[in-house]
1. Is at least one residue of the stretch 209-218 touching a residue at least 24 places away in the same chain (Cβ under 8 Å), within 18 Å of GLY274 (Cα to Cα) and among the aliphatic types (A, V, I, L, M)?
2. Spot the failing condition for THR119; the list is (1) farther than 27 Å from THR317 by Cα; (2) modelled with pLDDT of 95 or more, and only one is missed.
3. Out of all the residues in the stretch 189-205, which are more than 13 Å from ALA170 (Cα to Cα) and out of contact with any helix residue (DSSP H, G or I) (no Cβ under 9 Å at 6 or more places or on another chain)?
4. Hey, LEU84 hits all of (1) assigned to a loop (DSSP other than H, G, I, E, B); (2) under 21 Å from GLY116 (Cβ atoms) but one; which does it fall short on?
5. State whether the residues of the stretch 7-25 include one that is small (Gly, Ala, Ser), within 16 Å of the ligand (Cβ to nearest atom), at pLDDT 95 or above and surrounded by 15 or more Cβ atoms within 10 Å (Cβ to Cβ).
6. Out of all the residues in the stretch 248-274, which are under 26 Å from the mean Cα position of the chain (by Cα) and surrounded by fewer than 18 Cβ atoms within 10 Å (Cβ to Cβ)?
7. From the set of residues in the stretch 96-116 that are in contact with a Phe, Trp or Tyr (Cβ under 8 Å, 6 or more places away or on another chain) and among the small types (Gly, Ala, Ser), which is nearest to HIS10 (Cα to Cα)?
8. When you scan the stretch 140-149, do you find a residue that is on the phi > 0 side of the Ramachandran plot, small (Gly, Ala, Ser), within 16 Å of the ligand (Cβ to nearest atom) and touching a helix residue (DSSP H, G or I) at 6+ places or on another chain (Cβ under 6 Å), even just one?
Amino acid sequence: MRKGPVIAIHNRVVCLASRPSGRLVPDHFAIVDAEVPPLAPGEVLIRNTWLSIDPSIRLRLSAATPSGYLPPLTPGDPLVGLALGTVVESQSPGFAAGELVSHMFGYRDYAVVADGGETLGGAGSLTKIDPGEFAPQWYLGPLGSAGLTAYVGLFEILELKPNDVLWVSAAAGAVGSIAVQLAILRGNTVVASAGSPEKVDYLRNVLGVSHAIDYRAGDLKTQLAEAVPNGIDAYFDNVGGDHLGAALDHLRPGGRVAMCGAVSTYDTDSPEPGPPNLFQITAKYLQLRGFRAGSYDHLYADMRSEVGTHLADGAMTYEESIYSGLEQAPSALVGMLNGRNTGKTLCRLD
Ligand SMILES: NC(=O)c1ccc[n+]([C@@H]2O[C@H](COP(=O)([O-])OP(=O)(O)OC[C@H]3O[C@@H](n4cnc5c(N)ncnc54)[C@H](OP(=O)(O)O)[C@@H]3O)[C@@H](O)[C@H]2O)c1
């Protein structure tokens, strides 16, 4: 039998109001009052405290998503995304009131989540978090999905070797900034690209990369060739499109690409066709491998050990772009897709 919450709760949810055609704006969303349903056995009521704002939700706002990816949302549907919150009430033996948990029902004040229920491609199962010495929201960033994505991309997909010259794109963002630092700490030469002089300054002077590129400041291929004239061995692709094309031209024979994301193609109805130089893959026997970090959650412990050690001893740093209040979540998403973030984009609800 379902049991009602002990107190009356005012809940709000960010819904898709209308489907974007072209670039996303905050008006494509509406904040809607929503009921908190009574809990069924196995369910947990959570008050969300931190929302992870991730680019890939943009793909689900279009009428069709890439085959094999999560299905599109329909106008009126609530958004979903990784979140952190506190258990208010539990009908699951695995969770108790007061515990900190992560789950996939972000973009709302309160969430009812089934223990062992639906996840975002494996990334958003209901999980207890013990933050230890770290800020809890870091479990959405460097110690959460962003950290795992960087770790998997570098070490499982690219199988980064000590002397590899690596290029990381969207390098001042959540995943990119961790990937850059992990590779530098392992002794690799890193080229990092981002979209403003301020971000280039951050890459050079805060993250410590030797070669930083502002892709908006000039021709990307030329800048890459000037930065590392002898080419690159590995490319961590967060951007796709013209960045992937530049990498194919500039990879050495036998080079590898981790296809992490293609953010340059998300915020449009009609992405540019793929790079025209795909034959470089054959000519230089390159390896391009896609991955989704949610399939590698068994590596959380290894990643947290390595990243956590670096964060604790100060060898690694991490930026956050924080918006306050649920009503700011649409602006946070739009701002991040337009590059107005450094590090992890979060929306704080408490
Ligand atoms: N495979 C997985 O499991 C997985 C998991 C998480 C994330 N991802 C992917 O990883 C990538 C980074 O995600 P994130 O969460 O760390 O986001 P993020 O890098 O913190 O934010 C997105 C960044 O994309 C850049 N960008 C936007 N439009 C661009 C364009 N046209 N060309 C070049 N850069 C552009 C912007 O930076 P600039 O100012 O530099 O333009 C913006 O800051 C995304 O592609 C995402 O989908 C994949």
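The values are calculated or read from the model by the stated rules, or taken from the named source; none is laboratory data. None of these values were measured; they are calculated from a predicted model. Neighbour counts run over all protein chains shown; Cβ positions are idealised from the backbone, glycine included.
1. No - not one qualifying residue is present in the stretch 209-218.
2. (2)
3. Residues satisfying the conditions are PRO197, GLU198, ASP201, ARG204, ASN205.
4. (1)
5. Our first condition is that a residue be small (Gly, Ala, Ser); within the stretch 7-25, this holds for 8, 17-18, 21-22.
Subset that is within 16 Å of the ligand (Cβ to nearest atom): 22.
Cutting the leftovers down to at pLDDT 95 or above gives us none.
No, there is no match, as no residue in the stretch 7-25 is small (Gly, Ala, Ser), within 16 Å of the ligand (Cβ to nearest atom), at pLDDT 95 or above and surrounded by 15 or more Cβ atoms within 10 Å (Cβ to Cβ).
6. MET259, THR268, ASP269, SER270, PRO271, GLU272, PRO273, GLY274
7. The extreme case among them is ALA111.
8. First pass over the stretch 140-149, keeping only residues on the phi > 0 side of the Ramachandran plot: none.
No: zero hits.
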